[in-house]
Structures are given as C-alpha cells and as structure tokens.
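Single-structure report; data block below.
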Amino acid sequence: MPKKKAFVIRIDPEKLKAVEKWAADEFRSANGQIEWILDQALKKAGRFKPHKSKLNNN
C-alpha cells in the first residue's frame, strides 16, 4: 500500500458534521469518508487513474 501523506484541512463545522454522520452511516471514519469522496470525485472527473499494483490487489 502506498504511503499516505497527512495534511490539515479547513472545513465548515456544519459540513464536517454532515461528513461525520455520512461516515458513521457507512461504518467509516470521517477521514476515510473524505478520502472516499475525493477518490470518487477524481475518478468521475477523469483525473485519477489507479496504479496497476492497486488494481491487482482488488
């Protein structure tokens, strides 16, 4: 698994509350939910193509 880079995010408290609720509904952490949302948005926009090694692990 590739190493993940940590960074600070500024987010409106109400948006964070909504993300935390969504995450809880899907049994994820808020961090995991934000990562999933970003992943989906990048794929939809055609700006993310997984590495071959990631494809072979699924």
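What to note about this one:
- Residue count, segment 1-55 (criterion: touching a helix residue (DSSP H, G or I) at 6+ places or on another chain (Cβ under 8 Å) and among the charged types (D, E, K, R)): 3
- First in segment 34-51 and within 16 Å of LYS4 (Cα to Cα), second anywhere and of a type in the set (D, E, K, R) and assigned to a loop (DSSP other than H, G, I, E, B), Cβ under 7 Å, 6 or more apart: TRP36/ARG28
- A search for C-beta distances below 8 Å between a residue of segment 1-15 that is surrounded by 10 or more Cβ atoms within 10 Å (Cβ to Cβ) and any residue that is at pLDDT 90 or above, counting only pairs 6+ apart in sequence or on different chains, returns ILE11/VAL19.
- Some residue of segment 32-41 being at pLDDT 95 or above, in a loop (DSSP other than H, G, I, E, B) and not hydroxyl-bearing (Ser, Thr, Tyr): no
The values are calculated or read from the model by the stated rules, or taken from the named source; none is laboratory data. Everything numeric in this text was worked out from a predicted model, so none of it was measured. Every residue, glycine as well, gets a Cβ built from its backbone with ideal geometry; the counts of neighbours run over all protein chains shown.
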